[in-house]
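Accompanying notes for the structure given below.
The values are calculated or read from the model by the stated rules, or taken from the named source; none is laboratory data. Values in this document were obtained by computation on a predicted structure and should not be read as measured data. Because the Cβ atoms are built from the backbone with ideal geometry, glycine has one as well, and the counts that use them run over all protein chains shown. Heavy atoms of the whole protein, side chains included, go into the accessibility calculation; ligands, DNA and RNA do not. Shrake-Rupley method; radii C 1.70, N 1.55, O 1.52, S 1.80 Å.
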Amino acid sequence: EDKVVQSPLSLVVHEGDTVTLNCSYEVTNFRSLLWYKQEKKAPTFLFMLTSSGIEKKSGRLSSILDKKELSSILNITATQTGDSAIYLCAVELGSNYQLIWGAGTKLIIKP
Amino acid sequence: GAVVSQHPSRVICKSGTSVKIECRSLDFQATTMFWYRQFPKQSLMLMATSNEGSKATYEQGVEKDKFLINHASLTLSTLTVTSAHPEDSSFYICSAATVPPYFGPGTRLTVL
């Protein structure tokens, strides 16, 4: 059965800290791995990773995929209270755009 | 990125009524859209895949007669929750089969 596992499930840090969120997967037909940020509404897209070892960066956020380890990490440096959200990892399968979702990591940044 | 809209954003209805949720792709054509449901503190659960001009494909455990999906045009898919009950209260989100997948803003359904 295809599955995506995120860790930790929740994390509380102080503003300014750096956090690393993990996503591991076991799927039969990997196409890409995606990271989303979800606050009160629907998920907003952060990164799409298809190639191993190539870091994607957007401001204080960065992510990298390790196909050998079947995992990805999402780093957030110099965290701010606005980074508080649920971070979702999803793996896209095959060619039909279907996504397998992790349970999410709830990140709380304390001022 | 691609824009997907959903309407309504929030609906409260009485038990037994039907509720229709619309999902539109605003600046592109979407032959395939996905409908998800998300309960509090849980991740997204795929309900069905909506295909323009053909029947939707439902995930195991999702009642197709209760959750009617119509994808009559390349820019509109609708999800109708028929005879809604309190246990159907949830956050319903659609997404388009884009690269990467973009989501509508979601519809929060509360059934009294």
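Key figures for this structure:
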read-out	value
Selection from B:Tyr102, B:Val62, B:Ser43, by position along the positive dipole direction of chain B (Cβ)	B:Ser43
Positive-pole candidate from A:Ser62, A:Thr81, A:Gly94, dipole of chain A, charges at beta carbon	A:Thr81
Alpha-carbon centroid distance for the pair the range A:39-92 / the range B:1-76, whole angstrom	26
Net charge, B:Ala96 excluded, C-beta distance under 14 Å - Lys, Arg +1, Asp, Glu -1	-3
Per residue Cα convex hull volume in Å³ - calculated over chain A	94
Convex hull projection area averaged over all views, the protein assembly as shown, Cα basis, nm²	12.4
Accessible area of the range A:19-111 divided out per residue, in Å², using a probe of 1.4 angstrom	46
Only Lys, Arg (+1) and Asp, Glu (-1) charged, at Cβ; chain B dipole about Cα centre in debye	240
About the Cα centre, charge dipole magnitude for the range A:20-102 (Lys/Arg +1, Asp/Glu -1 at Cβ), debye	200
Chain B - Cys residues lacking any other Cys C-beta under 4.7 Å	B:Cys13
Carbon plus sulfur fraction of accessible area for chain A, probe 1.4 Å, in percent	50
Whole-number accessible area per residue in Å² for chain B, which is evaluated in the context of all protein chains at 1.4 Å	49
For A:Ala78, net neighbour charge (Lys/Arg +1, Asp/Glu -1) across residues whose Cβ lies under 11 Å away	-2
Cut-off 14 Å between beta-carbons: net charge of the residues surrounding B:His7, Lys and Arg +1, Asp and Glu -1	+4
Test item: B:50-61 mean partner chain Cβ contacts at 10 Å	0
Hydrodynamic radius (Kirkwood) for chain B, which is based on Cα pairs only, to one decimal in Å	13.8
